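Report on one structure; see the data block that follows.
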Number of protein chains: 2
Amino acid sequence: MPYTPPVRDYAFLLRDLLELERYANLPAFADASMDVVDQILQEAGRFTGEVLAPLNSVGDKEGCHWAADNSVTTPKGFKEAYRQLVDGGWPGLGSDPAYGGQGLPHVVNLAFSEMSSAANMAFSMYPGLTHGAYSAIKVGGSDAQKDLYLPKLGSFQWGGTMNLTESHCGTDLGLLRTKAVPQGDGTYKISGQKIWISGGEQDLTENIVHLVLARIEGAPMGTRGISLFIVPKFIPDADGNPGVRNSVKCLGLEEKMGIHGNATCVIAHEEATGWLIGEENRGLSIMFVMMNEARLGVGMQGIAQAEAAYQAAAEFAKDRLQGRSLTGPKNPDGPADPIIVHPDIRRMLMDARAIVEGGRAFLAWTALHGDLATASPDEATRQKGHDYMALMTPVLKGFLTDRGFTVCSDAMQVHGGSGFTEHFPVSQYLRDCRIALIYEGTNGIQALDLVGRKLAADGGRGVMGFFAELDAFVDANADDEMKPFTEPLGKAKAELQEATMWLMQNGLANPDNAGAASTDYLHLFGLTALAYMWAMMAKTAQAKIAAGESDPIYAGKLAVARYYMARVLPETSGRLAKLKTGAETLMALPAEAF
Amino acid sequence: MPYTPPVRDYAFLLRDLLELERYANLPAFADASMDVVDQILQEAGRFTGEVLAPLNSVGDKEGCHWAADNSVTTPKGFKEAYRQLVDGGWPGLGSDPAYGGQGLPHVVNLAFSEMSSAANMAFSMYPGLTHGAYSAIKVGGSDAQKDLYLPKLGSFQWGGTMNLTESHCGTDLGLLRTKAVPQGDGTYKISGQKIWISGGEQDLTENIVHLVLARIEGAPMGTRGISLFIVPKFIPDADGNPGVRNSVKCLGLEEKMGIHGNATCVIAHEEATGWLIGEENRGLSIMFVMMNEARLGVGMQGIAQAEAAYQAAAEFAKDRLQGRSLTGPKNPDGPADPIIVHPDIRRMLMDARAIVEGGRAFLAWTALHGDLATASPDEATRQKGHDYMALMTPVLKGFLTDRGFTVCSDAMQVHGGSGFTEHFPVSQYLRDCRIALIYEGTNGIQALDLVGRKLAADGGRGVMGFFAELDAFVDANADDEMKPFTEPLGKAKAELQEATMWLMQNGLANPDNAGAASTDYLHLFGLTALAYMWAMMAKTAQAKIAAGESDPIYAGKLAVARYYMARVLPETSGRLAKLKTGAETLMALPAEAF
């Protein structure tokens, strides 16, 4: 029951839907011809399917082991797979060639990221966080810091971590207590305890670069007194190699519901030597570079686990013989029909396709905008890219992980009792996926970020631009063939716009109205965005079929697009009705009544 | 972070909402005066909270152990707790006094069942299945079988199991292969392997009575050739005590995502001696006595886990200081506000209350109808009781477990990262709860049972009676005070009726339409039923408040009722819209496209 990486679907997205070759004239896309992309997809599929996927269950069952010398051992096989990962240059696909990366567009890198996360989420988090550390130093570090750390992190020879959370503060980083004392030589002594540090200790890399939030002695309380530090496990020597052991250590591992193969560490900094990144007290803004990148990655994880779970469910549904079709036997020579004949099984599989393929398109479409935000020669395109990246990040993170988890749960349901046993892979997908709704800001925080910050940013330019784009698409595709897709899309867009207006009018009067509406609004937004993706995919598929293409993927896209409009999108009206009732019923009870 | 049994809420339901004392003149209710009931609730709360709850995490972490001699050891403390359970007469609250029970109405027993399930789901399944075996023998067994087994099962001195599933058949029992060969002396030799047998082996009771589905040699294939047998682990001797060891044994335990404290066994019958219950080839109908009882119990489990998870979340939300209220500090002297000030946290807690308290009322209301189905002197009341029990069983099982699981997941979300660690109890609630959506017929099977059998039964008498009851309630409560509740209830009822009509018209023309609509229909039904419960609870609370009662429970019921109408019920319209699109988009793709 192996995971099959969605190579064909990514080729559809990159070649047919997003038409990557349109950008061949841009330097950033120069190395991303479809021939090269096809080859990368094939190889990524092979590597993740053959090397990472077989270790997924091993990691879940074995977990990581902490020893009294503060070392951590990753599950059997992880070390060798990590070596192959680094040797293949995989995690650096999207990184700067100046620092060991391959400089490909992020939208191409997305394909590899999803495949490796679906194949082995716990494993793929090690390079994922390293890439985050790389990005933060690239944005905020001095030239000397970049020269010293980026080649090691960009090549994934060293690992990277995010040291944010303390036991009394996660979301509210303003409360953090880890201290930094300047030593007068440009270094600081960092002291404090951090929890939930993914990959905080491991045996995969020769060094680990911790990016640590701490408060410099005397700095103001709250978020305006937080600085960001580099705290390497081994302090680099004059040649840039791991030198003196720093006083940072792992005190233990967290027992968790899932992602057992990833070491979730308690990390103690005991007057560890650290180097300031960027300015004093401005650490959060750099950390948010990592955070935003991580949030997009987490949205992707939701879809990745859902894809893997869907595949397991589809295979089970085609194999398992049980009962007969309501419309007469479909496997008359067998003892029973495969359960895929039952409409309620189809419902769960089609829901999965609608969310996974629609969500993947949404991720890729946004990632392309992200690439164009820097790569485009056109100012308006760059601005739109920035606007969309900011606006869509909380939607991608919150909506795709909420829905991805539901897909995993439905995939378990398709399995019946088998799904609840650890003999089948779906329990692990469900358990692993669950963290994606929580980390890098819970989905409730994403919803607040969306309604509280992103909607109003630049006078609402991002969301207004998105509405205008939807209107233009609906208007341009009012023909009979596209109407079944653009009509429901137009209706959903109108509901989303109504909700947006409601928020503007009522959120200012009483901020609790915005908080009370936030999660329903985020889902209304996500449902509308996926309707747009499915309408665009339907259009692309229609064009391909009209041009004589016979690959069944196009008929499949049309069928799932129709399903999405009929069976997923109608949820929007209930979301709108709920959010418009405001905060009153929700806040009516005193806290002590709970 | 202990679980607090909902003693107060059950007193509200039994005394205020269902007014149990109205039935004091019926013999079956004679021992259930509210004084006695109050005492039972208090004691049940004490026993489940103090004895069972502390073992819940132990059971999860330790699990059951199988040994090569085919024995199974339950987690530490289970044996002693089981002894106390039996000594207290708890599991027999609702059983016949002739066989060791206390003969109380099932609606009273429900309170204890929920509390023990919430306190320790894995533990409470042992007596739960024993009660099922008791019921099946009581309904289908001969007088001799009743005399021999019921005192032992009714007192819970012996355990009971359901041996249905085989590796190739679960839902489709017609495929089962376990063989029964008549020996000419009234006994049969039973051979075959059963899987997923909860409590199939354990160290809690001196004997285990397996109820086994098997096919008598030469019987027809399919469901019409299945008989039900008693296969005791130790064959009772002349005095009715455990005698010769039967050749039935546990070959191993299943590794599962949750309910680790319950032994899920592979059971081999190797020419085991069995006794036929009832007639040859009519075993399924008796097994369905167990099954229906079990389904109601599973619906209750969904609510029980949700209650426990809600309590953990509410406590966490009141304790955890993080961030500030959007409307200004609520804990200005502290470093931050408790997270319960945030509307999105309230949303999850209020959703939980709406589902748990509404679902509990729905369970109790149905259980009372079940009691009246036999206890009432009035023919019409008895018939209504039977109709409602049959109609509501799939709704209670499917809707309350689906929603209960969502409540558990939201409760984890309230915990943030802490919830994903096994240091907090909510991961166990989520993992344990998940099986309730699957066993005793997956929720998809419940939905099919509802639309395929229950709606049409007796010419639709049950559902028509329910609609008439809703109409009468809405008409009788159209005053200004009740309108905020009966108006949305009336709207939901109209949508449910429209869906029912659509099913009648379109389900016959194409049965796939019924299958395609089934899950949305079940949720539409459940949402409407809970709207009725909340409207009734609001009316009761209003009356109590008007009468000068100052207990905050009444204001709480009104607040949650308003929340339910504003924030939960609006989902119905999307459900209706989806189901009316029929099977077409859902069945469009060929099986090989998945």
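The values are calculated or read from the model by the stated rules, or taken from the named source; none is laboratory data. What you see is a predicted model, and the numbers here were worked out from it, not measured in a lab. Cβ placement follows ideal geometry from the backbone for every residue including glycine, while neighbour counts extend to all protein chains displayed. Ligands, DNA and RNA are excluded from the accessible area calculation, which covers all protein heavy atoms including side chains. Shrake-Rupley method; radii C 1.70, N 1.55, O 1.52, S 1.80 Å.
Observations
- Given R0 = 35 Å, the distance between the Cβ atoms of A:V244 and A:A98 translates into a calculated FRET efficiency of 0.80.
- Among chain A residues, the beta-carbon with the smallest distance to the axis carrying A onto B is reported, with distance in whole Å, as A:G574, 2.
- Pairs of alpha carbons in the protein assembly as shown whose separation is greater than 43 Å (percent): 41 percent
- Considering helices alone, the calculated mean residue ellipticity of chain A at 222 nm is -17500 deg cm²/dmol, with DSSP H runs of length four and up weighted by -39500 (n - 2.57) and normalised per residue.
- In the complete set of protein chains, residue-level accessible area for B:W275 is approximately 70 Å², probe 1.4 angstrom.
- Set A:K189/A:K233; B:K61/B:K256; A:K318/A:K544; B:K152/B:K233; A:K397/B:K318 screened for pairs whose C-alpha atoms are more than 19 Å apart: A:K318/A:K544; A:K397/B:K318
- Rounded to the nearest 0.05, the FRET efficiency derived from the C-beta distance between A:S142 and A:Q39 at R0 = 45 Å is 0.75.
- Residues of the range B:60-101 with an amide N closer than 17 Å to a point placed 7 Å from the Cα of B:E50 along the Cα-to-Cβ direction: B:80-90.
- Alpha-carbon Rg/Rh ratio, for the range B:313-463, with Rh computed the Kirkwood way: 1.15
- Label zone at B:L251, where the point sits 7 Å out along the Cα-to-Cβ direction: the range B:39-78 residues whose backbone N lies under 18 Å: B:66-72
- The order of A:S155, B:S167 by accessible area, most exposed first and with a 1.4 Å probe, is B:S167, A:S155.
- Distances from B:A543 to itself in the other copies, using label points 7 Å out along the Cα-Cβ axis, amount to 6.6 nm in increasing order.
- With 19 Å as the limit, the listed pairs B:K483/B:K557; B:K384/B:K539; A:K384/A:K539 have B:K384/B:K539; A:K384/A:K539 beyond it between alpha carbons.
- Area buried, chain A against chain B - accessible surface, total, 1.4 angstrom probe, square angstrom: 7400 Å²
- For the range B:21-77 and the range B:253-309, distance of Cα centres in Å: 18 Å
- Rel. contact order, % - alpha carbon contacts under 8 angstrom, at least six apart, chain A: 12 percent
- Given their separation in residues at 0.36 nm each and the Cα-Cα distance between them, A:M464 and A:A591 gain 42.0 nm when the chain is fully extended.
- All-pairs alpha carbon distance profile, the range A:442-589, 5 Å steps from 0, percent: 2, 10, 18, 19, 17, 12, 9, 6, 4, 2, 1, 0, 0
- Per-copy distances of the B:V139 label point, shortest first, in nm (7 angstrom along Cα→Cβ): 6.3
- Residues in chain B average 34 Å² of solvent-accessible surface per residue, probe 1.4 Å, ligands and nucleic acids excluded.
- Counted as membrane-span-like here are DSSP H helices of chain A whose alpha-carbon atoms extend 18 Å or more along the helix's own axis and whose Kyte-Doolittle mean is 0.0 or above; these are A:34-47, A:106-119, A:121-140, A:283-319, A:343-375, A:461-476, A:511-546.
- The range A:405-465 and the range B:524-594 have Cα centres lying 24 Å from one another.
- Computed from the C-beta positions of A:E315 and B:A24 and an R0 of 60 Å, the FRET efficiency is 0.55 to the nearest 0.05.
- Solvent-accessible area, 1.4 Å probe, carbon plus sulfur percent, for the protein assembly as shown: 53 percent
- Compared with the direct C-alpha span, the chain from B:D551 to B:D480 gains 23.2 nm at full extension, assuming 0.36 nm per residue.
- Each Cα pair of the range A:168-264 feeds into the Kirkwood radius, which the Stokes-Einstein equation turns, at 20 °C and 1.002 mPa s, into a diffusion coefficient of 143 µm²/s.
- Take the Cα radius of gyration of chain B and divide it by 2.2 N^0.38 Å, N being the number of residues; the result is 0.97.
- Stretch gain in nm, segment B:T4-B:T374, where the contour uses 0.36 nm per residue and the Cα spacing is subtracted: 129.9 nm
- For A:K79, inter-copy label distances in nm, listed shortest first [label point 7 Å out on the Cα-Cβ vector]: 4.3
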